[in-house]
Amino acid sequence: MFDLALSITITLIEILGTEADDVVDKVQLKIEKSKIYRNLEILDDREKEVVVGRFGLELGGEEWTQREIAKELGISRSYVSRIEKRALMKLYHEFYKAKR
């Protein structure tokens, strides 16, 4: 369903003509996405699918709604929400553990 390749390079074309704050925001977003991407191995397959879709971690970076993911996976939106919450808690604990 999702391509797990992540491009974290920022090209000059992407930042030309933008305000300095916009550039900083884009760089910060890329850094945060790369942190999530590096820790995806702690998630099970379904959790990975949901997180990758919700946060646009696949190549192209389109973020999906819970409803879109639910339709794609053939499950309810509320179940996607529960999977997402569980996955984010796992990632949070992994990030917290890494900071210690």
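The values are calculated or read from the model by the stated rules, or taken from the named source; none is laboratory data. Keep in mind the model is a prediction, meaning the values are calculated, not measured. Backbone-built Cβ (ideal geometry, glycine too); neighbour counts: all protein chains shown. Only protein heavy atoms, including side chains, enter the accessible area calculation; ligands, DNA and RNA are left aside. Shrake-Rupley method; radii C 1.70, N 1.55, O 1.52, S 1.80 Å.
In this structure, does Ile69 turn out to be over 18 Å from Lys30 (Cα atoms) and part of a loop (DSSP other than H, G, I, E, B)?
Judged against the criteria, Ile69 is not a match.
Return the total of residues in the range 23-40 being over 13 Å from Phe95 (Cα atoms) and open to solvent by 70 Å² or more (accessible area, probe 1.4 Å).
Number satisfying all stated conditions: 6.
I'd like the residue in the range 53-66 that is farther than 14 Å from Lys30 by Cβ and not in a loop (DSSP other than H, G, I, E, B) and, out of all such residues, is modelled with the highest pLDDT.
Per the stated criteria, the residue is Gln66.
Residue by residue, here is whether (1) within 26 Å of Glu72 (Cα to Cα); (2) modelled with pLDDT under 85 holds:
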residue: Met1; (1), (2): yes, yes
residue: Leu6; (1), (2): yes, yes
residue: Thr9; (1), (2): no, yes
residue: Ile13; (1), (2): no, yes
residue: Thr18; (1), (2): no, yes
residue: Asp21; (1), (2): no, yes
residue: Ile31; (1), (2): no, yes
residue: Ile36; (1), (2): yes, yes
residue: Lys48; (1), (2): yes, no
